[in-house]
Amino acid sequence: MKNLTVTVVSIFLVVMAILPHFLDARWQTVAVTFLIFSVVALSQDIVLGKAGMFNMGQAMFFGMGAYITAILNYHYDWPILATIPVAIIVPVLFGILLAAPIVHLRGDYLLVVTIGFNIVFVQVLINNLGGVTGGPNGIFGIDPMRLLGFELSSQLAIYYFAFIVLLLTLGIMFNLEKSKVGRALHYLREDPLAAESIGINTRLYKIFAFGLGAGLAGLAGTVFATQYSAVSPEAFEFIQSVLFFSIVLVGGSSIPGVILGVFVMFVVPEIFREFATWRFFVFGFAMIIMMILRPRGIWPATFGKIPKFLIKDTKHGA
Amino acid sequence: METFLQQLANGLTIGSMFALVALGYTMVYGVMRLINFAHGDMVAAAAFVGLTVYTQVMGQATSLFAVVAIFLLTAGLMACVGVILERVAYRPLRTAPRLSAVVSALGASLVIQNGIMLIWGPRMRIFPELVPQQFWNFGGVVISLIQVLILVISLVLMVALYLFIEKTRMGAAIRASSIDQDAARLMGINVNSIIALIFIIGSSLGAIGGLFIGLYYRGITFNMGWQYGLYAFIAAILGGIGNIPGAMLGGMLLGLFSAFISGYVSSTWADAFTFMLLIFILIVRPTGLLGERVAEKV
């Protein structure tokens, strides 16, 4: 299973690396969106899948990154690439600050609080707090990326920007699984009490997962703002968070599963454009049927090299 | 003082609608430990069904009999939808991991919401004027007949529900199932029928709430379910989720809170303040105002 994951992800990356040269402009845009949303969904997977916290506010961190890039570039004339550190650090700080008082909450309550964060965030954007968010219309006219004097405004350049961000995210995810942190997260998801009793600081690791997820989502936000050279509040509404939440669970919170989920949710509708109004109706049914047939997702995550006979029935685990 | 009294009247009206909808959330959560995300969309659907019953079945009559018939027919239809919803989307997942049921609920919500859009269209529809536009002016405080009706009917329904839950054998069965499903089953309670009953009660109360929303706000949209649903859900948490009197109290308090915020601070910030209140309450007292402290294995 482990080798299969590595093989599938490698093939996927090779295909994605050469793919944009075979696409026309419209499909290149779709492909960029696919890459960006994959990064956000994977960042959601760190919080929801790896650490097992019911987070339904990931679009907030995504939007925070996008808005920071937009505001710094539009109002203060920062170059896009210079905004990246800020677009990562601020969501990380917010992730830590917001998570600290709430990570001890039980599943459903955590879910509701994160929905609350997301809704407050969007209201702040709409009400134009501090006069920099542009209110309900958002901010238009963000500069293209510039590197060493070259203007990187083509879809192709943005595609590779997004691709590098995805590579970085995948690198972090693969490393996470092999590291002490990844093992700690895995234990505390399976049984927080047992994890605490063998000396894992569950609170610290939960906050860490929130911070890491927030940082990656913020970085994806920068790419998003660059791609559309605009940001507006409705792109970060909490319904987006619901989609990311569902993608991770329907996918099964493994890397191939999550990417497959993003593909089904954001690329397939582009193929069936004439049925656009039926999109969510069909997805709703698909979500129900999927959960009945495969409650652990399309491609369930496996962890480590535990022999089969040691794994107990984990039906009630999540 | 006038603002205060006016917002008090408005707050009690909205509050009783929140409370009616919150009861559906809290009852389902009490027995199944599941946030029924589709409930808000059921409420929205009820407003549209009411609209269609009014134009197609009742021939746009607004006599007292016709109005009562619209309410009863809509509530009955939505109760059926609720039972089907439970049968299709929730029952097969009762032993599955918790999150699978949450995703199924979100899926059901998308199906209902977009089902409304496909049937009635994406644009705002105007709900019929079923109740005469009668206003009373008490020294600057304006109260409409609709407000009085909403408040009185909601209170009557809530008292009836409370008595049903506390005083009847069926109510005792509901309470038993919400404490411990397995023990209730061993005592000879048919938990499946109890859950169906809960969906019947919750959906029909929600349907009446939906019709009230239509009567009071007039404009109904296919995606309004999330908005009212979230408010009602906050009300349920505020009172202590799973607790029936708590949902009534939570609804009223939330209605008053949002009315006073709109009246005294600003209506554009009402949502943000409401959610900040929610976050604050969950941090300091996660079990809500009337909720019991439950020792639970995380």
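Can you tell me the Rg and the Dmax, both Å, for the Cα atoms in segment B:142-265?
16.6, 55
What does the charge dipole of segment A:2-241 about its Cα centre add up to, to the nearest 20 debye, if the Cβ of each Lys and Arg holds +1 and the Cβ of each Asp and Glu holds -1?
Numbers: 11 positive and 12 negative charges, 120 e Å.
Charge dipole, segment A:2-241, about its Cα centre: 580 debye, nearest 20.
Looking at segment B:51-162, what % of the alpha carbon pairs are farther apart than 17 Å?
Values: 4435 of 6216 pairs.
In whole percent, the long-distance tail amounts to 71.
Would you look at the GNM of chain B, springs on alpha carbons closer than 10 Å, and say which of B:Ala247, B:Ala184, B:Ala232 moves the most?
Between B:Ala247, B:Ala184, B:Ala232, it is B:Ala184 that shows the largest mean-square fluctuation.
Let me test this: with uniform point scatterers at the alpha carbons of chain B, what is the Debye-based log₁₀ I(q)/I(0) at q = 0.09 1/Å?
Listed by q, the Debye log ratios stand at -0.43.
For segment B:1-101, what does the equivalent ellipsoid look like in terms of its semi-axes, each the square root of 5 times an eigenvalue of the Cα gyration tensor, given largest first in whole Å? Mind dumping the intermediate values first?
On the way: eigenvalues 181, 109, 16 Å².
Result for segment B:1-101: semi-axes of 30, 23, 9 Å.
Classify segment A:92-191: rounded, prolate or oblate, from the alpha-carbon gyration tensor (a ≥ b ≥ c, eigenvalue square roots; a/c under 1.5 rounded; otherwise prolate if a/b is larger than b/c)? Working shown, then result.
Details: a/c = 3.21, a/b = 1.22, b/c = 2.64.
Cα axes put segment A:92-191 in the oblate bin.
Just to check, using Stokes-Einstein with a Kirkwood Rh over alpha carbon pairs, what's the diffusion coefficient of segment A:178-238 at 20 °C and 1.002 mPa s in µm²/s?
Working: Rh = 13.7 Å.
After rounding, the answer is 156 µm²/s.
How do B:Arg123, B:Arg285, A:Arg189 rank when sorted from fewest to most other Cβ atoms within 10 Å of their own Cβ?
Details: B:Arg123 8, B:Arg285 13, A:Arg189 23.
In order of increasing Cβ crowding within 10 Å: B:Arg123, B:Arg285, A:Arg189.
Can you pull the semi-axes for the protein assembly as shown, root of five times each eigenvalue of the Cα gyration tensor, sorted largest first, whole Å? Before the final figure, lay out each step's value.
Working: eigenvalues 342, 175, 107 Å².
Over the Cα atoms of the protein assembly as shown, the ellipsoid semi-axes are 41, 30, 23 Å.
At a 10 Å Cβ-Cβ cut-off, how would you order B:Val103, B:Val31, fewest neighbours first?
In order of increasing Cβ crowding within 10 Å: B:Val31, B:Val103.
Percent of Cα-Cα pairs per 5 Å bin, from 0 to the last occupied bin, for segment A:1-134, please list those.
2, 8, 13, 17, 16, 15, 14, 9, 4, 1, 0
Suppose R0 equals 45 Å; then what is the FRET efficiency for B:Ile126 and A:Leu97 from their Cβ-Cβ distance, rounded to the nearest 0.05? Working shown, then result.
Working: r = 44 Å, r/R0 = 0.99.
The calculated FRET efficiency here is 0.50.
Can you pull the one-decimal nm distance between simple spin-label points at B:Arg87 and A:Glu274, each 7 Å off the Cα toward Cβ?
Between B:Arg87 and A:Glu274, the simple spin-label model gives 3.5 nm.
R0 = 22 Å: FRET efficiency of B:Thr3 with B:Ile153, Cβ-based, nearest 0.05? It would help to have the intermediate numbers written out before the result.
Details: r = 26 Å, r/R0 = 1.20.
FRET efficiency, B:Thr3 to B:Ile153: 0.25.
Please get the size of the charge dipole for chain B, origin at its Cα centre, with Cβ charges of +1 on Lys and Arg and -1 on Asp and Glu, quoted in debye to the nearest 20. Provide the component values of the computation, followed by the final result.
Values: 15 positive and 10 negative charges, 116 e Å.
Around 560 debye, computed over chain B.
For q values of 0.15, 0.17, 0.30, 0.32 Å⁻¹, compute log₁₀ I(q)/I(0) with the Debye formula on a Cα-only model of segment A:97-137, without solvent.
Log-scaled intensity ratios, in q order: -0.46, -0.54, -0.92, -0.99.
Placing +1 at every Lys and Arg Cβ and -1 at every Asp and Glu Cβ, with all other atoms neutral, what dipole size does the protein assembly as shown have around its Cα centre, in debye to the nearest 20? Each step should come with its number before you reach the end.
Numbers: 34 positive and 25 negative charges, 332 e Å.
The dipole of the protein assembly as shown has a size of about 1600 debye.
To one decimal place, what orientation-averaged projected area in nm² is obtained for the convex hull of the Cα set of chain A? Write out the running numbers ahead of the final one.
Numbers: hull surface 67.9 nm².
Approximately 17.0 nm², given one-decimal rounding.
Would you mind ranking A:Tyr159, A:Tyr67, B:Tyr264 by Cβ crowding within 10 Å, fewest neighbours first? Mind dumping the intermediate values first?
Numbers: A:Tyr159 24, A:Tyr67 27, B:Tyr264 10.
Fewest-to-most ranking of A:Tyr159, A:Tyr67, B:Tyr264: B:Tyr264, A:Tyr159, A:Tyr67.
Can you tell me the relative contact order of segment A:2-241? Whole percent, Cα pairs under 8 Å, sequence separation 6 or more.
Values: 350 pairs, mean separation 95.6, N = 240.
Value for segment A:2-241: 40 percent.
Which value at 222 nm does the protein assembly as shown reach when only helices count, each DSSP H run of 4 or more adding -39,500 (n - 2.57), with the total divided by all residues and rounded to the nearest 500 deg cm²/dmol? Can you show the working numbers first?
On the way: 24 runs with 411 residues, N = 616.
That calculation yields -22500 deg cm²/dmol at 222 nm.
Readers should treat all values here as calculations from the given coordinates under stated rules, not as data from a laboratory. Because the structure is a prediction, the values reported are computed rather than measured. We place every Cβ from the backbone using ideal geometry, glycine too, and count neighbours over all the protein chains shown.
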